[in-house]
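FYI, it's all coordinate maths here, none of it is from the lab. Nothing here was measured: the structure is a model prediction, and the numbers come from that model. Positions of Cβ are generated from backbone atoms using ideal geometry, with glycine treated the same way; all protein chains shown enter the neighbour counts.
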Amino acid sequence: IVLTRESYIRYSEQWAALEGILQATLLTRHMLFVGFSFADDNFLRIVDAVRRIVRPRGTSAEAPHSPYGTALM
């Protein structure tokens, strides 16, 4: 999946299905992020939703879990 700045700007009006794809991919695959700042509010909201599924409230922060991906900055 290649996400451009335009994809994020128009996210809520035409890319809503992208959220489901990204969430499913984060849950089932290890993703490689290249040149991504991780400052986008939509992305942070999506990752937070995945984090709440993988590590529900009340789960120890030290509980082992796999990373969602790798970032090359």
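Residues whose amide H falls under 5 Å from that of G69, counting only those 5 or more places apart or on a different chain, are M31, with hydrogens built in the peptide plane. Label positions at R45 and T70, each projected 7 Å from the Cα along the C-beta direction, are separated by 3.1 nm.
Derived scalar couplings between HN and Hα for the stretch 31-45 equal 9, 10, 9, 10, x, 10, 7, 6, 9, 6, 4, 4, 4, 5, 5 Hz in order, rounded to whole Hz, by the Karplus curve 6.51 cos²θ - 1.76 cosθ + 1.60 (θ = phi - 60°), x for Gly and Pro.
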